[in-house]
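One structure is given below, encoded as structure tokens.
The values are calculated or read from the model by the stated rules, or taken from the named source; none is laboratory data. This structure is a prediction, so every number in the text was calculated from the model and none was measured. Because the Cβ atoms are built from the backbone with ideal geometry, glycine has one as well, and the counts that use them run over all protein chains shown. What goes into the accessible areas is simple: the full protein's heavy atoms, side chains included, and nothing from ligands, DNA or RNA. Shrake-Rupley method; radii C 1.70, N 1.55, O 1.52, S 1.80 Å.
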Amino acid sequence: MRFMMMHKNDPNTEAGQSPPMELVHEMGAFIGEHAKAGRFVDGAGLAGSKTRTRLVFRNGQCTSKRGPYRGEHELPAATLLLKVRTYEEALGWAERFGKILGDGELELGKVNEPWDIGLMPPPENPPLQMLLIEKADRATESGGRSREQKTAISRLKTEMTKAGVLVRALSLEPSKKAKRLVFRNNDLTVLDGPFAESKELLGGFAVLELPGMDDAIELARRYAEILGGTLEIDVRLVDQSESS
């Protein structure tokens, strides 16, 4: 089974502070251990909301808001990792994606690169990696998009792949299959889905292949400890029939 562990944005990240190098190395060791064992599939950290854009689609119109902003409706249904030349290019793809959904919400946020967290000097003219987050709604929480929407999204993803833009797409199972892990000084409280909403902005995620939910919760304990021991982590099942 494939799980996405998503931690919420924190005040230090939101303030633009780089993570402590000790945390960076501990998370690198965590990822390296599970990558070597064949469990680690994907992962990314996001910069603060000042690097993000919220897009709302209503009645065929798109309105966008650049950060910084607070969390509102932040329960994800899917993520698409994009590699583009400019922020404007990413926004163009996001708007095309959102128009397929009809009424809905997206968020576009910059992915932290090694040079953003002090691991190496920035290369000359690097590509820009952006995470496009599709927000959950009644359709995704009840089983998925319409056949027409799925077909249109599949065509757009194919176009994005051919253009060298789409790195990876992950769709999530409804939140009724999820767990919300609330850590306070490394003490854990587990809440069962479904979740009507999540008010906290997504701070980052890791996707791992694991035998079951109990294994994901146990692994999340170490993940949370690395991140300070006081935070929320949503554990979501990845829909492998929809992801690529």
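Identification of helices (runs of 4 or more DSSP H) wholly contained in region 1-116 with 1 or more residues that are touching a Phe, Trp or Tyr at 6+ places or on another chain (Cβ under 6 Å) and within 21 Å of VAL165 (Cα to Cα) yields 87-101.
Among the conditions (1) of a type outside the set (Asp, Glu); (2) modelled with pLDDT of 95 or more; (3) surrounded by fewer than 19 Cβ atoms within 10 Å (Cβ to Cβ); (4) not in a helix (DSSP H, G or I), the only one that THR161 does not satisfy is (4). Taking each residue of region 143-164 that is within 12 Å of TRP93 (Cα to Cα) and among the hydrophobic types (A, V, I, L, M, F, W, C) and looking for partners that are open to solvent by 40 Å² or more (accessible area, probe 1.4 Å) and part of a helix (DSSP H, G or I) with beta-carbon atoms closer than 7 Å, six or more apart or interchain, yields ILE153/ILE100; LEU156/ARG96; LEU156/ILE100. Since GLU88 meets every condition but one in (1) open to solvent by 20 Å² or more (accessible area, probe 1.4 Å); (2) over 27 Å from ILE226 (Cβ atoms); (3) touching a strand residue (DSSP E or B) at 6+ places or on another chain (Cβ under 7 Å); (4) at pLDDT 95 or above, which condition does it not meet? All conditions pass for GLU88, except number (3). Selection of region 146-194 for residues being among the hydrophobic types (A, V, I, L, M, F, W, C) and under 14 Å from ALA136 (Cβ atoms) yields LEU170, LEU172, ALA178. If the condition is being out of contact with any Asp or Glu (no Cβ under 9 Å at 6 or more places or on another chain) and outside any helix (DSSP H, G or I), then region 211-229 contributes PRO211, GLY212.
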